[in-house]
1. Which residues, taken from segment 113-129, are open to solvent by 40 Å² or more (accessible area, probe 1.4 Å) and outside any loop (DSSP other than H, G, I, E, B)?
2. Of all residues in segment 141-168, which are over 15 Å from residue 126 (Cβ atoms), of a type in the set (Ser, Thr, Tyr) and in a loop (DSSP other than H, G, I, E, B)?
3. Hey, could you check segment 130-177 for residues that are in contact (Cβ under 8 Å) with a residue 60 or more places away in the chain and within 22 Å of residue 58 (Cβ to Cβ) and say which is surrounded by the fewest Cβ atoms within 10 Å (Cβ to Cβ)?
4. So which residues in segment 195-237 are in a loop (DSSP other than H, G, I, E, B) and among the small types (Gly, Ala, Ser), if there are any at all?
5. Across segment 193-245, which residue is nearest to residue 91 (Cα to Cα) among those that are of a type in the set (S, T, N, Q) and open to solvent by less than 70 Å² (accessible area, probe 1.4 Å)?
6. Would you mind stating whether residue 184 is farther than 17 Å from residue 90 by Cβ, touching a residue at least 12 places away in the same chain (Cβ under 8 Å), open to solvent by 50 Å² or more (accessible area, probe 1.4 Å) and not acidic (Asp, Glu)?
Amino acid sequence: MKMKKFVSIFTLILSICLTTLQVVKAAGPAPTTSGTASLRGVVKFEGTAPKAKLVSMSADSSCAKQHPSPVFAQEVMTDAKGDLQNVVVFIAEGLGDRKFDPPTQPVMVEQKGCMYLPHVLAMQANQPLHVVNDDPTSHNIHPTPANNREWNKAEPPGSSLDESFAREEIAIPVKCNVHPWMHGYVAVFKHPFFAVTGKDGSFDLSSLPPGTYTIKAWHEKLGTSTQTITIGANETKEIGFVFKGM
């Protein structure tokens, strides 16, 4: 009787051990992650900013009546502290042959008040671009790329369309042939490490693999500024870019 009881207990313990081993084997080893880095900073404008050009929308009354106050071109936009808006900051070199899948979430540009909002946007190659016409008048959106397929599509009021760009290009001019004052830019990248500065001129490139990188800041009128930086795992560094008057 004792022997039978011993065998039963032994069999139970062996069964539990084998089950546990199978679960561990199925789950595999715990995933290991290497530390990533972050790069942040501010883009400044130094000197006297050029006077913004007044935009006349008198050719289309449906555009003009949406703006009780004067409208100015968005070419060089700074605040009282010199923070520079609409600068594209990005990794230009250092990622090697790494591949990055494009996001499925679209990037949106609005035609609102007969202007492009945002004026400058950035996205990955093959990421969807969703274009919306929120105005009571017809537009057409006409990117004029050098390294991508050119397209020109009409948009009646309240309509939208979806497109994409297959290759990296910094940056693609966009215009509306119906309203000649409407201009914007789309910067297209083969990786996700880019940002467009807001009103405070700030940018944040997070989740970077550790390494040595060439960082560029691009502005539609002021050109390009370049820095090289080395950043380690779990490290955060701050850098700044300064553009001067033309």
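The values are calculated or read from the model by the stated rules, or taken from the named source; none is laboratory data. Keep in mind the model is a prediction, meaning the values are calculated, not measured. In this analysis, Cβ positions are derived from the backbone assuming ideal geometry, glycine residues included, and neighbour counts consider all displayed protein chains. SASA here: full protein model, heavy atoms, side chains in, ligands and nucleic acids out. Shrake-Rupley method; radii C 1.70, N 1.55, O 1.52, S 1.80 Å.
1. 117
2. Those that are over 15 Å from residue 126 (Cβ atoms), of a type in the set (Ser, Thr, Tyr) and in a loop (DSSP other than H, G, I, E, B): 144, 159.
3. Checked segment 130-177; the qualifying residue surrounded by the fewest Cβ atoms within 10 Å (Cβ to Cβ) is 136.
4. 198, 201, 232, 233, listed by residue number.
5. 214
6. Spelling it out, it is not the case that residue 184 is farther than 17 Å from residue 90 by Cβ, touching a residue at least 12 places away in the same chain (Cβ under 8 Å), open to solvent by 50 Å² or more (accessible area, probe 1.4 Å) and not acidic (Asp, Glu).
Residues checked against (1) of a type outside the set (A, V, I, L, M); (2) open to solvent by 90 Å² or more (accessible area, probe 1.4 Å):
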site	(1), (2)
60	yes, no
65	yes, yes
77	no, no
80	no, yes
89	no, no
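Conditions (1) within 17 Å of the chain's Cα centre (by Cα); (2) more than 20 Å from residue 216 (Cα to Cα), marked per residue:
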position	(1), (2)
92	yes, no
101	yes, yes
134	no, yes
139	no, yes
